[in-house]
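Have a look at the structure below, then the notes.
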């Protein structure tokens, strides 16, 4: 995989509130390890990193400002020189300076990881593709939660994740694995392989 020196890693909503039990069952239990592995590699190569932080408009949200759920998880704390984009809706481009910042920095390539696949990841990747950025979504560095469809049929997080990736791949983004991006992945056990 050939990336330009300024290919930008976008980490979406890696905040403490995302681990709240009320969000329900999730998929990809190794996703945070994959994200951290990718983040470490981006930092090693001195490539740009943008952290997206959700500040909810809903007082009962796990991301409501002023409580601990809105804070970044320790392993994903932004470092000096890394940008933070704060959003109030799923799409990190909507109502923020993200597109302008990327254009000013002459960024053409984006690598998107984070949560939730069917929500902020998909919304942000769709806009990135529509704006003409070469966009990759790293499937094993994203996760989501169980969700019912419009007709009330329940779907597992794995199914929701797969459908969201299917919505994106080939039209808005290229969906790829961590191995496809880096040629390796962290040494973690995947419970799905048991």
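The values are calculated or read from the model by the stated rules, or taken from the named source; none is laboratory data. Bear in mind that the values here come from a model prediction, so they are computed numbers and not experimental data. Positions of Cβ are generated from backbone atoms using ideal geometry, with glycine treated the same way; all protein chains shown enter the neighbour counts.
Among the candidates 168, 110, the residue that is surrounded by 15 or more Cβ atoms within 10 Å (Cβ to Cβ), within 15 Å of the chain's Cα centre (by Cα) and under 19 Å from residue 34 (Cα atoms) is uniquely 110.
Within segment 31-41, identify whether any single residue is without any contact (Cβ under 8 Å) to a residue 24 or more places away in the chain and more than 24 Å from residue 176 (Cβ to Cβ), and answer yes or no. No: segment 31-41 contains no residue that is without any contact (Cβ under 8 Å) to a residue 24 or more places away in the chain and more than 24 Å from residue 176 (Cβ to Cβ).
Which one is surrounded by the fewest Cβ atoms within 10 Å (Cβ to Cβ) among residues in segment 143-164 that are touching a helix residue (DSSP H, G or I) at 6+ places or on another chain (Cβ under 7 Å) and either within 23 Å of residue 38 (Cα to Cα) or at pLDDT below 95 (or both)? Filtering segment 143-164 for residues that are touching a helix residue (DSSP H, G or I) at 6+ places or on another chain (Cβ under 7 Å) and either within 23 Å of residue 38 (Cα to Cα) or at pLDDT below 95 (or both), the one surrounded by the fewest Cβ atoms within 10 Å (Cβ to Cβ) comes out as 145. Could you please find all residues in segment 2-17 being on the phi < 0 side of the Ramachandran plot and either assigned to a loop (DSSP other than H, G, I, E, B) or out of contact with any helix residue (DSSP H, G or I) (no Cβ under 8 Å at 6 or more places or on another chain) (or both)? Those that are on the phi < 0 side of the Ramachandran plot and either assigned to a loop (DSSP other than H, G, I, E, B) or out of contact with any helix residue (DSSP H, G or I) (no Cβ under 8 Å at 6 or more places or on another chain) (or both): 2, 3, 4, 5, 6, 7, 14.
Residue selection: residue 52 satisfies the criterion of being part of a strand (DSSP E or B), in contact with a helix residue (DSSP H, G or I) (Cβ under 8 Å, 6 or more places away or on another chain) and under 21 Å from residue 116 (Cβ atoms). Within segment 147-163, does at least one residue satisfy the condition of being closer than 22 Å to residue 29 by Cα, under 13 Å from the mean Cα position of the chain (by Cα) and not in a loop (DSSP other than H, G, I, E, B)? Taking every residue of segment 147-163 in turn, at least one turns out to be closer than 22 Å to residue 29 by Cα, under 13 Å from the mean Cα position of the chain (by Cα) and not in a loop (DSSP other than H, G, I, E, B).
Among the residues making up segment 19-36, those that are assigned to a helix (DSSP H, G or I) and buried (at least 21 other Cβ atoms within 10 Å of the Cβ) are 31, 32, 34, 35.
In the set (1) surrounded by 16 or more Cβ atoms within 10 Å (Cβ to Cβ); (2) part of a helix (DSSP H, G or I), the condition left unmet by residue 140 is number (2). The residue that is modelled with the highest pLDDT, counting only those in segment 42-92 that are more than 16 Å from the chain's Cα centre (by Cα) and surrounded by 17 or more Cβ atoms within 10 Å (Cβ to Cβ), is 47. Annotation note: of 152, 132, 114, 166, the sole residue that is touching a strand residue (DSSP E or B) at 6+ places or on another chain (Cβ under 9 Å) and on the phi > 0 side of the Ramachandran plot is 114.
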